[in-house]
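Notes follow the structure.
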Amino acid sequence: MDDLDFIQFIANIKKKTGIDLALYKEAQMKRRLTSLRVKRGFSSFADYFQALSQDSDLFAEFLDRMTINVSEFFRNYARWEVLANKILPRLYRESSKLRCWSAACSTGEEPYTLAMLMLRERHSFRDFSIMATDIDEGAIAKAKRGIYLERSLQECPKELVQSYFRKDGITYQISPEIVNAVTFKKHNLLADPFDSGFDLIICRNVMIYFTDEAKHELYHKFSKALRPGGTLFVGSTEQIFQPQQYQFESEDTFFYRKLK
């Protein structure tokens, strides 16, 4: 009964939202959502879904738990230095304006990191655009507000904190210059079509939650969305072991260049 209850919940969520929970690793997703259901006092997923359909706050909490909104500025700092010193200079030699996409951007730390990096090196990195997308409208709303706790800035260089943040009590407000450098919109990686012609796509610490089949499909879609020579930047637990099957070659650790 428990399995049937969860399977029907997955079907109901897909019908309501277009989000296919079957493409996420089942054990992780079921454990996370069971914990939330029990915490809220529901004895079955059927009862939980009925409540989600009637209570917008409960539904927002469900989306937040499902999408795992955990991020920070310059996460795994050494990789961002590789991006700044090796990847971006090559991309700029090949294109006068860079089109960048931060996929599954959560609450904005990743695309804002890219914007700060670009503006810090503005003598080298000239014209660029950054699109940032996420499935969670609540996370996007938080990103647009640009208010963060100090723990999100642990790896952010002090000079960038001083240049681009204003401290207000226990929070930090990011500058309008950085906010205006990023365009946010809602996007479901597993269901919505991708734009194309990107020079750089960043998708980090998200793929680990998907099934192998879903990851395989996404790597193909990311490859098609990049221009020849464009780069995919993934997370520290998401190394692609056979990049050639997606028309990629390894450019550096966690960076994959699309073959021309």
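The values are calculated or read from the model by the stated rules, or taken from the named source; none is laboratory data. Note that the structure is predicted; figures quoted are calculated from it, not measured. Quick reminder, even Gly has a Cβ in these numbers, built from the backbone with ideal geometry, and neighbours come from all protein chains shown. These area figures cover heavy atoms from the full protein model, side chains too; ligands, DNA and RNA do not enter into them. Shrake-Rupley method; radii C 1.70, N 1.55, O 1.52, S 1.80 Å.
Laid out as a table, the results:
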| quantity | calculated |
| --- | --- |
| Hits in region 28-54 - residues which are open to solvent by 70 Å² or more (accessible area, probe 1.4 Å), part of a helix (DSSP H, G or I) and farther than 14 Å from GLN8 by Cα | ARG31, VAL38, LYS39, GLN54 |
| Residues that are within 17 Å of ALA115 (Cα to Cα) and either touching a residue at least 60 places away in the same chain (Cβ under 8 Å) or open to solvent by less than 40 Å² (accessible area, probe 1.4 Å) (or both), drawn from region 154-171 | GLU155, CYS156, PRO157, LEU160, VAL161, TYR164, PHE165 |
| Cβ pairs under 8 Å, 6+ apart, first in region 14-26 and touching a residue at least 60 places away in the same chain (Cβ under 8 Å), second open to solvent by 50 Å² or more (accessible area, probe 1.4 Å) and not in a helix (DSSP H, G or I) | GLY18/ALA191; ILE19/ALA191; ASP20/ALA191 |
| The one condition in (1) under 23 Å from LEU190 (Cβ atoms); (2) open to solvent by less than 40 Å² (accessible area, probe 1.4 Å) that LEU23 fails to fulfil | (2) |
| Only listed residue being over 22 Å from VAL234 (Cβ atoms), within 20 Å of the chain's Cα centre (by Cα), surrounded by 16 or more Cβ atoms within 10 Å (Cβ to Cβ) and not hydrophobic (A, V, I, L, M, F, W, C), chosen from GLU72, GLU61 | GLU61 |
| Members of region 154-177 found to be assigned to a helix (DSSP H, G or I) and closer than 19 Å to TYR77 by Cα, listed by number | LYS158, GLU159, LEU160, VAL161, GLN162, SER163, TYR164 |
| Residues satisfying the stated conditions in region 189-242, i.e. open to solvent by less than 50 Å² (accessible area, probe 1.4 Å) and in a loop (DSSP other than H, G, I, E, B) | LEU189, LEU190, PHE194, GLY197, ARG204, ASN205, VAL206, THR211, GLY235, GLU238, ILE240 |
| Among the candidates PHE49, PHE42, residue that is without any contact (Cβ under 8 Å) to a residue 24 or more places away in the chain and either more than 30 Å from ILE147 (Cβ to Cβ) or among the aliphatic types (A, V, I, L, M) (or both) | PHE42 |
| Those residues of region 96-153 which are in a helix (DSSP H, G or I), open to solvent by less than 10 Å² (accessible area, probe 1.4 Å) and either free of Cβ contacts under 8 Å to residues at least 60 places away in the same chain or within 23 Å of ILE170 (Cα to Cα) (or both), in sequence order | GLU109, PRO111, TYR112, THR113, MET116, LEU117, ALA139, ALA143 |
| Residue list for region 243-260, restricted to those being hydroxyl-bearing (Ser, Thr, Tyr) and open to solvent by less than 60 Å² (accessible area, probe 1.4 Å) | TYR246, TYR256 |
